[in-house]
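Inspection log for the structure reproduced underneath, given as structure tokens.
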Amino acid sequence: MKKKIYIAGAGGMLGEAFHSVFKEEYELKCTDKDVNENWLSFLDFREFEQYKKDVTDFNPDYLFHLGAYTDLEYCELNQDDTYLTNTTSVENAVYIANQLNIPLLYISTAGIFDGKKEFYDDWDEPNPLGHYARSKYMGERYVRENAKRYIICRAGWMMGGGPKKDKKFINKLIKQLVKGTRELHVVNDKDGTPTFTVDFAKNVKLLFEKEYWGLYNLVCNGETSRREVAEELVNILGLSEEVTFKEVSSDYFKDTYFAPRPTSERLINKKLTLRDLNIMRDWKVALREYIDNYYAEFLEENLPATKETISL
Ligand SMILES: NC(=O)c1ccc[n+]([C@@H]2O[C@H](COP(=O)([O-])OP(=O)(O)OC[C@H]3O[C@@H](n4cnc5c(N)ncnc54)[C@H](OP(=O)(O)O)[C@@H]3O)[C@@H](O)[C@H]2O)c1
């Protein structure tokens, strides 16, 4: 008999990877308010009674609460909706998991730190700057203080989902290149740690199998910056000769990206490493695999100049 996992908010970047990594060995029920796959059904996890009923009916061995609003600007402008989605919904999840006496997975973020330190390990004290970060940190605290058994994993700059689902940096850069931009404006004052969704899901799977409950930083190995990630992407795409970079400070984008962001949100997987459970790979290796596995077809159609370098 396969163990059962209920995954809430599974329609996004991370949900795609969780579905593909867990589907063979576990029986899954994946839900979202955006039903964009045939393996998803509808559930708005802000609705406590419906959430409780849907999970209880499935009777899972684990509850994974994945979904959130991840657009920092939306969160600054829509604070009530943000706390309802990112924080009180997590209280719903804790209640349900405790009532069914099952472990809960919650995804936190590197963005909960204030950026005053260069690196953050699992025991550093968060100090969120904006409402997205605060709403996620309050979710994290609620889980830590109230869930009977839990795993909390803090992710960094997410890379995943491919052209259809990736809402973040990699896809934004690729979209610009597809549009014909050959001078990329990239900030020189933001440091972080990329996190490939597939590697993240595999490491989460290992933690659940070992039953090592608790809080973990969980990012790709190797510290970096927005500038270096952009350069590596262009290099992987084989466009280094054509593309130039214009270094700007975050001020340059202040009208579009007005939400506060820490200067450094670099995480170190200290606890995972100490427990000998850190199977995350270097971010450059993960980025290359991400592009190969998720973008080959899209790039062949939309950016044929890259064909030589992507394994099709
Ligand atoms: N993306 C990152 O860089 C990053 C970094 C660190 C941590 N995280 C965390 O990782 C988790 C997964 O994020 P992601 O990158 O996969 O984001 P994503 O691609 O936006 O996926 C999140 C999914 O949750 C859904 N959702 C939002 N509100 C919901 C609700 N009330 N009921 C049901 N589903 C709802 C979203 O639907 P809609 O699209 O309709 O809103 C979306 O399909 C989140 O907890 C996020 O905070 C993300």
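No value in this document is a laboratory result; all are computed from the given coordinates. Values in this document were obtained by computation on a predicted structure and should not be read as measured data. All Cβ positions, even for glycine, are placed from backbone atoms using ideal geometry, and neighbour counts span all protein chains on display.
The table below lists the values:
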| quantity | calculated |
| --- | --- |
| C-alpha center-to-center spacing [the stretch 53-126, the stretch 166-216] in angstrom | 18 Å |
| Radius of gyration and Dmax over the Cα atoms of the chain, both given in Å | 19.1, 58 |
| Which of Tyr83, Tyr216 has the fewest Cβ neighbours within 10 Å, and the rest in rising order | Tyr83, Tyr216 |
| Relative contact order, percent, the stretch 17-168 [alpha-carbon distance under 8 Å, six or more residues apart] | 22 percent |
| Neighbourhood charge, 12 Å Cβ-Cβ cut-off, centred on Asn92 and excluding it, Lys, Arg +1 and Asp, Glu -1 | -2 |
| Mean separation of Cα contacts under 8 Å (6+ apart) over length of the stretch 236-312, as relative contact order % | 49 percent |
| Shape category assigned to the stretch 48-128 from the gyration tensor of Cα positions, a/c cut at 1.5 | oblate |
| Residue order, fewest to most surrounding Cβ atoms within 10 angstrom, among Tyr132, Tyr257 | Tyr257, Tyr132 |
| Zone of Asn78's modelled label, taken as backbone nitrogen in the stretch 43-57 under 14 Å from a point 7 Å along Cα→Cβ | 45-46 |
| R0 of 35 Å, Cβ-Cβ distance Lys4-Ser250: FRET efficiency to nearest 0.05 | 0.20 |
| Aspartates and glutamates whose Cα lies under 14 Å from that of Lys246, excluding same-chain neighbours fewer than 8 positions away | Glu183, Asp189, Glu228, Glu231 |
| Ranking of Trp283, Trp213, Trp123 by count of other Cβ atoms within 10 Å, fewest first | Trp123, Trp213, Trp283 |
| Relative contact order of the chain, pairs being alpha-carbon contacts under 8 Å that are 6 or more residues apart, as % | 19 percent |
| Hits among lysines - C-alpha to C-alpha of Lys4 under 22 Å, sequence gap 8 or more where chains match | Lys23, Lys29, Lys33, Lys52, Lys53, Lys148, Lys202, Lys205, Lys210 |
| Euclidean distance of C-alpha centroids, the stretch 1-35 and the stretch 268-284, integer Å | 24 Å |
| Net length gained if the chain between Leu274 and Glu211 were fully extended (0.36 nm per residue, minus Cα distance) | 21.1 nm |
| Tyr257/Glu301 FRET efficiency (R0 35 Å; Cβ-Cβ; nearest 0.05) | 0.75 |
| Residue-span extension gain [Glu241 to Tyr95] - 0.36 nm each, minus C-alpha spacing | 47.1 nm |
| The stretch 234-303: GluC sites (Glu not before Pro) falling in loop per DSSP and having at most 10 other Cβ within 10 Å | Glu241 |
| Cut-off under 5 Å, modelled amide H: who pairs with Gly192 long-range | Thr224, Ser225, Arg226, Glu265 |
| Electrostatic dipole magnitude of the chain [Cβ: Lys, Arg +1; Asp, Glu -1; Cα centre; debye, to 20] | 580 debye |
